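Each reported figure results from applying straightforward, stated rules to the coordinates on display, with no laboratory input. Owing to the predicted nature of the structure, the values given are computational and were not obtained by experimental measurement. Here Cβ is always computed from backbone atoms with ideal geometry, including for glycine, and neighbour counts include all displayed protein chains.
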C-alpha cells in the first residue's frame, strides 16, 4: 500500500521527540519543517480549484468539498508523484519509484490535478448568471500585477525549495524558473499582439503564471535553453487555450484549465523531449533518461505521458464523485437571489469596496462627521447635487469622469 497511499507518520505529534530531528526522508530538514512545507502544497492545490468556480458555490459546500478532495484526491496523488530520498526512494509512490516519471515540484500533483478538478467542478456547477454574454473583466489590474509579482517571487520557494537544501539543485532550479517565466510572459504578449493587435498587462500577468506552472515539473531536469523553450511554448499554448472555455461552453472564471491544466501538461510532457543529460540525474528520482532531443529516445516521454494521464484520470473520477455527493446532499450552488446579490454580501455580509453613492456618481469623501463637521459634509452634498442638476439642465446626463 505504500506505493498508493502514504501512511508513514500519520497524525504524528508535532511536539514529539522527533519533531526537530532530521529524518532520512528529507536529509537535514527537521520533520516538522518538512510537514509545514508539504502543507503549503496541499493548501495551494485546493485553492487553485476555487478559481474555476468563483462566485457560484455556497461557502459551506466549498469547505466540505475542499476537505474531502484534499483527503481523497490530493494526498494519494502527492504520494505517487513526490520522492525525496534519492536512489532508494523508499517513501515515494509508484509514479516516482516504479514509473520514474519526473515531477520535481508539482506539475502533476498540483497543477494537472487542480486543473482537471476545476474543469469537472465548473461543468457540474454550471455557468455564472449572464456568462458569456456579459463581460466579466478583472476589476483592478494594478492588484493583478501585484499578485503576479508576488507569485513569481514566492514560486522560488515552490521550485527551488523542493531541493530541500541550499545546493546546486536549488541553484539550477532558480535559474530555470526565472528564464522560463520570462519566456512565457513574452510568448503570451506576442500571441496577444498577433491575435488581438495589442499586448496587455493582464496578458503579461497571465503569461507569468503560465510559465511558472510549466516549469514546475521540469525545473530540475532541463537546462536554461530547455527552460526557455518550455516557457515559450507554455506562454503561447496557454494564451490560446484560455479561449477553449468559449468554444466548449464551460465557465472557468479564472482560467484554471487554460493555465494550470494546459501549462502543467506542457511542462510535464516536454521533460520527455528536453531533459538534459547533465541535469536529468538530479531530478529527484532514479532511473531517468535524457529527453528525445538529447538522444534518449522516447523512453522518458512515455513515462511522462503515463504519469500525467494517470493523475488526470484519477483526479477527474475522484472529483466527479465528490462533487456529485455534495451536490445531491447539501447542494453546491448559491440560489438565484444570493448569486445576483453577490457571494460576498450574501454569504459573508461584506464587500471588497465600501463606496458612498451620491446621485449617479460614486464618491469617497472624507468622513467629516467623525471630526464633528457635519455641516461641511452637507454642504458638499448640496454642491454636488446642484452640479448634477445643472448638467441635466444643459441637455445631457452627468459624465462618468466627473467633468
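Take the Cα radius of gyration of region 232-275 and divide it by 2.2 N^0.38 Å, with N its residue count; two decimals is plenty.
Numbers: Rg = 11.3 Å, N = 44, 2.2 N^0.38 = 9.3 Å.
Relative to the 2.2 N^0.38 Å estimate, region 232-275 comes out at 1.22.
For region 24-346, how big is the tail of P(r) above 30 Å, as a whole percent of Cα pairs? Kindly include the intermediate steps, with their values, before the conclusion.
Working: 16698 of 52003 pairs.
When all Cα pairs of region 24-346 are counted, 32 percent exceed 30 Å.
For the ranges 212-220, 224-232, what's the packing order if you count other beta-carbon atoms within 10 Å of each residue, average per peptide, and put the highest first?
Sorting 212-220, 224-232 by mean packing, highest first, produces 212-220, 224-232.
Label-point separation (nm) for residue 140 and residue 59, each offset 7 Å from Cα along Cα-to-Cβ?
Distance between the two pseudo-spin positions: 1.9 nm.
So for 299, 251, 354, fewest C-beta neighbours within 10 Å to most, what's the order?
Numbers: 299 16, 251 20, 354 7.
Fewest-to-most Cβ neighbours within 10 Å comes out as 354, 299, 251.
What spacing in nm lies between the two simple spin-label points modelled at residue 28 and residue 329, each 7 Å away from Cα in the Cβ direction?
4.6 nm
For 65, 41, which order do you get if you count the other beta carbons within 10 Å of each Cβ and list the fewest first? Intermediate values should be presented prior to the final figure.
Numbers: 65 26, 41 17.
Ascending Cβ contact count within 10 Å gives the list 41, 65.
How much length would be gained if the chain were fully extended between residue 306 and residue 243, taking 0.36 nm per residue of separation minus their Cα-Cα distance, in nm to one decimal? Please list the in-between numbers first.
Working: separation 63, 0.36 × 63 = 22.68 nm, distance 2.66 nm.
Once the chain is fully extended between residue 306 and residue 243, it gains 20.0 nm.
Apply 1/(1 + (r/R0)^6) to the Cβ-Cβ distance of residue 336 and residue 166, taking R0 = 35 Å, and write down the FRET efficiency to the nearest 0.05. The partial results should precede the final answer.
Numbers: r = 54 Å, r/R0 = 1.55.
My answer for the efficiency is 0.05.
Tell me, 344, 103 in order of fewest to most beta-carbon neighbours within 10 Å? Don't jump to the answer; show the numbers that get you there.
Working: 344 13, 103 35.
Ascending Cβ contact count within 10 Å gives the list 344, 103.
Can you pull the one-decimal nm distance between simple spin-label points at residue 345 and residue 198, each 7 Å off the Cα toward Cβ?
3.0 nm
Distance between Cα centroids, region 162-182 to region 188-259: provide it in whole Å.
Rounded to whole Å, the Cα centres lie 20 Å apart.
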